[in-house]
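The values are calculated or read from the model by the stated rules, or taken from the named source; none is laboratory data. All values derive from a computational prediction rather than experimental measurement. FYI the Cβ positions are ideal-geometry reconstructions off the backbone, even for glycines, and counts take in every protein chain you see. The protein model used for the area step is the full one, side chains on, heavy atoms only, and it has no ligands, DNA or RNA in it. Shrake-Rupley method; radii C 1.70, N 1.55, O 1.52, S 1.80 Å.
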Amino acid sequence: MTSRPLVWIVVPLAPAVMAQLEAQYECLRGWEQQELLAAGKVWPAVRAVVTTGGAGAARQLLQALPALELVACVGVGFDAIDVAYARERGIAITTTPGVLDDCVADTALALLLAVFRRVVQADGFVRAGRWLQGGFPLTHSLAGKRCGIVGLGHIGQAIARRVVAFGMLPCYHGPRPKVGVDYPYYADLLQMAASVDVLVLSLPGGAATRHVVDGRVLDALGPEGVLINIARGSVVDQAALVERLLDGRLGGAGLDVFEDEPVVPDALCKLDSVVLTPHIASATLETRAAMAQLMLDNLQAHFAGRSLLTPLSLV
């Protein structure tokens, strides 16, 4: 009989990460157990779940693991984890904050530059040989533009530092002002949207923030405004966004996340005022390796009886 802890892995991870998990723990590949899970099977020996921000850990899974002690998530998003049920059961949750902040902030800036300087369209212009017929149309600079950041956590602050370096003027909206932050604070998102040129979203997903950026906020941002979303697709009313991009009530958008990933509305794909990326904000080799290592370190700390490195507060 093995003495190694039994761990449920929700979705396949990188081969190197899978190898490390399987070297230290007895592992159940959750994606191979879906029929049994749906049929109501219970696994009384599983002590930890390893998942990603996108895959999460639904209540059905948590209920099937009565001895569960920990959900270790590779990512900072936890909206797909049933946090309320975990709280009831006393199940700890860890995420991987800090190690992906710079990478995600870089993606926000890449989308900003791509939209304002029309980088994707300029690339197509050259490849199609159209430069031979004349120059590319003038675009817009970032310097002097007002940038409203929704959610000034670690990622939001990393974005703010970058936009300042590009000569932009940052302000932010959140539940409350941040101590030690000098950027202008707006308690009212609608008011901030009306005062900026670009709105960058870096807030958590989940029920509390669903469609926080709705038609009214987009209308306040206006026909010259740009929306950048590297948060979660759920925080934007996507139907309202598409409608306003189509009729010109919103100037443009850079989107890394969508409401029904990986499904993206055809209308968005046909708009050259929009730059689309497939949820890659943290997707670099270096960052994903650091995220996986932090998850592994949390698992190891838990089973060694030490304090978790990056626990999610369930209060």
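General observations
- Surface analysis of the range 88-155 yields an accessible area of 52 Å² per residue, using protein heavy atoms and a 1.4 Å probe.
- What the range 204-298 shows is 44 Å² of accessible area per residue, with the surface traced by a 1.4 Å probe over protein heavy atoms.
- Debye log10 I(q)/I(0) for the range 258-314, one point scatterer per Cα, at q = 0.22, 0.23 Å⁻¹: -0.89, -0.92
- The angle separating the long axis of helix 154-165 from the principal Cα axis of greatest extent in the chain is about 30 degrees.
- The chain: angle of helix 15-24 to the longest principal axis, Cα-based, in degrees nearest 10: 30 degrees
- Proximal aspartates and glutamates relative to Lys178, as straight alpha-carbon distance under 20 Å, when same-chain residues fewer than 8 apart are discounted: Asp101, Asp102, Asp188
- In this calculation the C-beta distance from Val119 to Arg176 is compared with R0 = 35 Å, giving a FRET efficiency of 0.45.
- Gain on full extension, evaluated as 0.36 nm per residue between Ser3 and Ser141 minus their Cα-Cα distance, stands at 43.6 nm.
- Separation of the Ala19 and Ser313 label points, Cα + 7 Å toward Cβ, nm: 3.9 nm
- Apportionment of accessible area to carbon and sulfur, the range 1-95, percent (1.4 Å): 55 percent
- Highest mobility in the GNM of the chain, judged by mean-square fluctuation with C-alpha springs under 10 Å and restricted to Met18, Met168, Met295, is found for Met18.
- Principal-axis tilt of helix 285-303 within the chain, Cα atoms, nearest 10 degrees: 30 degrees
- Along each principal axis, taking the top coordinate minus the bottom one, the Cα set of the range 197-315 gives 58, 33, 25 Å in descending order.
- Global form of the range 1-73, assessed from the alpha-carbon gyration tensor, a/c cut-off 1.5: oblate
- FRET efficiency estimate (nearest 0.05) - Cβ-Cβ, Ala239 to Ile280, R0 22 angstrom: 0.40
- Convex hull volume per residue, computed on the Cα atoms of the chain, equals 157 Å³.
- The chymotrypsin sites (Phe, Trp or Tyr not before Pro) of the range 116-185 include none that meets both criteria, a DSSP state outside H, G, I, E and B (loop) and at most 14 other C-beta atoms within 10 angstrom of the site's C-beta.
- Average 1/r across all pairs of distinct alpha carbons in the range 1-139, invert it, and you get the Kirkwood radius: 18.1 Å.
- DSSP beta bridges confined to the chain are antiparallel in about 5 percent of cases.
- For the range 143-237, the Kirkwood hydrodynamic radius from C-alpha pairs, put into Stokes-Einstein at 4 °C and a viscosity of 1.567 mPa s, yields a diffusion coefficient of 99 µm² per second.
- FRET efficiency estimate (nearest 0.05) - Cβ-Cβ, Ala194 to Arg89, R0 35 angstrom: 0.20
- Protection proxy ranking of 8-15, 156-163 - average other beta-carbon atoms within 10 Å, highest first: 156-163, 8-15
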